[in-house]
Every structure is written in C-alpha cells, then in structure tokens.
1. Inside segment 96-120, can you point out the residues that are surrounded by fewer than 17 Cβ atoms within 10 Å (Cβ to Cβ) and within 21 Å of residue 36 (Cβ to Cβ)?
2. Looking at segment 150-160, which of its residues are within 12 Å of residue 109 (Cβ to Cβ) and over 16 Å from the mean Cα position of the chain (by Cα)?
3. Testing residue 201 on (1) surrounded by 15 or more Cβ atoms within 10 Å (Cβ to Cβ); (2) at pLDDT 95 or above; (3) out of contact with any Asp or Glu (no Cβ under 7 Å at 6 or more places or on another chain), one condition comes back false. Which one is that?
4. Just one of the numbered conditions (1) more than 15 Å from residue 223 (Cα to Cα); (2) of a type in the set (A, V, I, L, M, F, W, C); (3) out of contact with any Gly (no Cβ under 7 Å at 6 or more places or on another chain); (4) outside any strand (DSSP E or B) is not true of residue 137; which one?
5. Which of the residues spanning segment 141-157 are surrounded by 14 or more Cβ atoms within 10 Å (Cβ to Cβ) and not small (Gly, Ala, Ser)?
6. Could you please find all residues in segment 38-79 being without any contact (Cβ under 8 Å) to a residue 60 or more places away in the chain, within 25 Å of residue 125 (Cβ to Cβ) and assigned to a strand (DSSP E or B)?
7. Since residue 34 meets every condition but one in (1) modelled with pLDDT of 95 or more; (2) surrounded by 11 or more Cβ atoms within 10 Å (Cβ to Cβ); (3) not in a helix (DSSP H, G or I), which condition does it not meet?
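The values are calculated or read from the model by the stated rules, or taken from the named source; none is laboratory data. Worth saying up front: this structure is predicted, and the values here are computed from it rather than measured. Note: ideal-geometry Cβ built from the backbone for every residue, glycine included; neighbour counts use all protein chains shown.
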Amino acid sequence: MPRVVAVLVVLLLLICLRCALARGAGQIDLQKELRRAYERKLVTLRVPTGQDIAHYDAEGRPTRPGSGEPWTTCGLFVVRRASIKAGHIELDGQRQIVTLNSGSHPTQLVLLPADREIHVTVDLPRSVQQAAQLQEFLAKVFVTGDFYARLAEAWHSELDLSGELDELAKNAPGGEVGVLAGDRPVYLVKPDSVSKPTAIYRPGPKYSEKALFKHVSGTVRVRLVVNEKGFPEILEATRHLGEGLDMHALSSVAQWRFEPARKNGQAVAVMVVVEINFRIRRRGERSNP
C-alpha cells in the first residue's frame with residue numbers, strides 16, 4: 001500500500017508540473033502575441049483618461065471611472081513596452097494628442113507626441129489562454145478599427161482657419177466655425193450670446209533642455225476647441241518658439257480644464273486662444289505671486 005501511495009503522489013506531482021509548464025508556455029505565447037499586436041503601435045483607450053496611471057479590471061472596465069475626457073487629447077498613446085506579469089497586462093507608452101494644421105488645404109488633423117508617459121495595467125482573466133481570446137478581451141479596453149477614419153471625423157470646417165479669431169468671425173455664419181464628431185457645433189465667443197470658458201485647472205508647461213541651453217524665452221500661442229464638458233478637444237500652436245517648446249505648450253494645454261462656455265444657457269463647444277509664456281528667471285529673481 002505505501003508503494004501505491006507513493007506512485008500516486010508521483011503521478012499527481014507530474015500532472016501538476018505538466019499543468020504548470022502548460023500555463024507557463026501559454027503565458028509566453030500570450031506575451032508574444034501581446035508584443036506583436038501592441039508594441040510600437042498607436043492605441044486608443046476606449047475610456048480615455050487624463051491620469052498617467054490607469055487600471056482596468058478583468059471585465060475591461062476602468063477602476064477609476066472617466067469624466068468624459070475626449071480621446072483626441074486623453075486617449076492616445078504609442079506603446080513602448082508590453083508585458084504580462086503575475087496575471088496582469090502592463091503597457092507603457094508615450095501619449096499623443098490630436099492637433100490642427102490650419103496651414104494645410106484642406107485643414108488636416110495630425111498627431112503630435114506629448115511630453116507625458118502613461119502606464120496602463122489590465123487584469124488578465126484566467127479564462128484567456130489563446131491569442132484570439134486575448135485580442136477579444138483587449139478590444140474591451142482599446143478601440144479597434146480604422147483609426148484614421150475616426151480621426152477624419154473628429155473635426156470639420158469649411159472655413160479658412162489660418163487667420164485670427166476676429167477674421168474668422170467675419171466669415172462664420174451665426175458664429176459657428178466648425179463641427180466636432182457627433183455633429184457638435186463649435187462657436188466663437190460673443191459677449192452678447194456665447195460666454196467665454198473659464199480655466200479652472202491650468203498646469204504650467206515644462207521647459208525643454210534645448211530651450212534652456214539656448215536661453216529661449218517667449219510666448220507660444222495655442223488655439224483650442226474647448227468642448228461642452230470643459231475639456232480641450234482640438235489644439236493648434238499658431239505662434240511658435242521651436243526648440244521643443246511648442247510641444248510642451250500643447251501638452252500642458254491638453255491637461256487644462258474649463259468651466260464650459262454657454263449659449264442660451266446650454267453648454268457648448270467654443271474656439272479660443274490662450275498664450276503660454278516661457279521665461280527663464282535669472283538667479284536670485286523671485287517669481288511673481
């Protein structure tokens with residue numbers, strides 16, 4: 001009898017070892033598929049977030065609910081590293097934002113790398129064992145399909161946007177300068193009919209190393225569409241400094257939050273201009289209060 005028990009124990013250990021090896025091999029296969037499908041690729045969060053650390057549960061739902069942030073400024077990043085560790089999918093990447101190029105004809109939307117990183121963790125369900133199951137699960141977290149078709153629908157305008165806002169007002173019927181995705185009109189601010197959005201959170205920009213080395217100072221002017229929820233949705237630098245400062249200015253404004261503009265008591269999207277000042281303080285100089 002003891003010999004029979006010993007044989008059974010050995011068989012059980014072999015079965016457990018085989019299962020462990022199979023799970024390990026399966027995880028390696030899943031990690032290879034994850035890296036193949038996502039590393040160095042542009043991805044879009046299904047629930048965009050302004051937080052630089054995001055966590056999604058095993059149902060693909062964010063553990064910190066979003067506030068309605070737009071995907072154009074809060075949902076895009078290029079994956080640098082992708083891995084599976086201890087039952088979690090981890091993606092690290094660099095954020096991207098959608099910017100307007102009004103100098104092109106017709107006006108185009110382009111992607112610009114932001115100066116912010118993002119770390120995304122997703123709880124991996126134990127039921128996901130194959131590549132197809134992994135892709136099906138991650139489709140709950142990330143938007144799939146033709147990204148550039150979606151980008152083309154993010155903004156539309158028949159106007160020449162290369163001029164200043166007062167010039168646009170002369171050619172904008174009813175003060176409307178464009179349309180966001182979902183047929184949401186974008187207006188110009190008019191004191192008698194469309195109020196101005198009020199910035200309630202406005203983090204400052206970083207200084208690039210090149211600009212610091214060259215002692216570059218000045219102002220970047222940013223034209224932006226503040227949507228009906230008070231989020232910047234479309235951005236454009238219309239006065240430039242170069243040396244990386246344009247990108248830092250746009251990255252900063254993408255994080256701003258506003259009390260939205262109103263038209264006839266209803267929150268609406270508007271186009272406004274803000275100025276981001278870069279100034280290197282001299283040694284011993286105090287900052288303004």
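1. Selection gives 119 alone.
2. Applying the first criterion (within 12 Å of residue 109 (Cβ to Cβ)) to segment 150-160 yields 150-157.
Matches in segment 150-160: 152, 153, 155, 156, 157.
3. Failing condition for residue 201: (1).
4. For residue 137, the exception is condition (3).
5. Kept after step one, since they are surrounded by 14 or more Cβ atoms within 10 Å (Cβ to Cβ), are these residues of segment 141-157: 141-143, 147, 150-151, 154-157.
141, 142, 143, 147, 150, 151, 155, 156 - these are the residues of segment 141-157 that are surrounded by 14 or more Cβ atoms within 10 Å (Cβ to Cβ) and not small (Gly, Ala, Ser).
6. 62, 77, 79
7. (3)
For every residue, the table says whether it meets (1) surrounded by fewer than 18 Cβ atoms within 10 Å (Cβ to Cβ); (2) within 20 Å of the chain's Cα centre (by Cα); (3) closer than 20 Å to residue 109 by Cα.
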{"position": "226", "(1), (2), (3)": "no, yes, yes"}
{"position": "231", "(1), (2), (3)": "no, yes, yes"}
{"position": "235", "(1), (2), (3)": "no, yes, yes"}
{"position": "246", "(1), (2), (3)": "no, yes, yes"}
{"position": "250", "(1), (2), (3)": "no, yes, yes"}
{"position": "258", "(1), (2), (3)": "no, yes, no"}
{"position": "261", "(1), (2), (3)": "no, no, no"}
{"position": "267", "(1), (2), (3)": "yes, no, no"}
{"position": "273", "(1), (2), (3)": "yes, no, yes"}
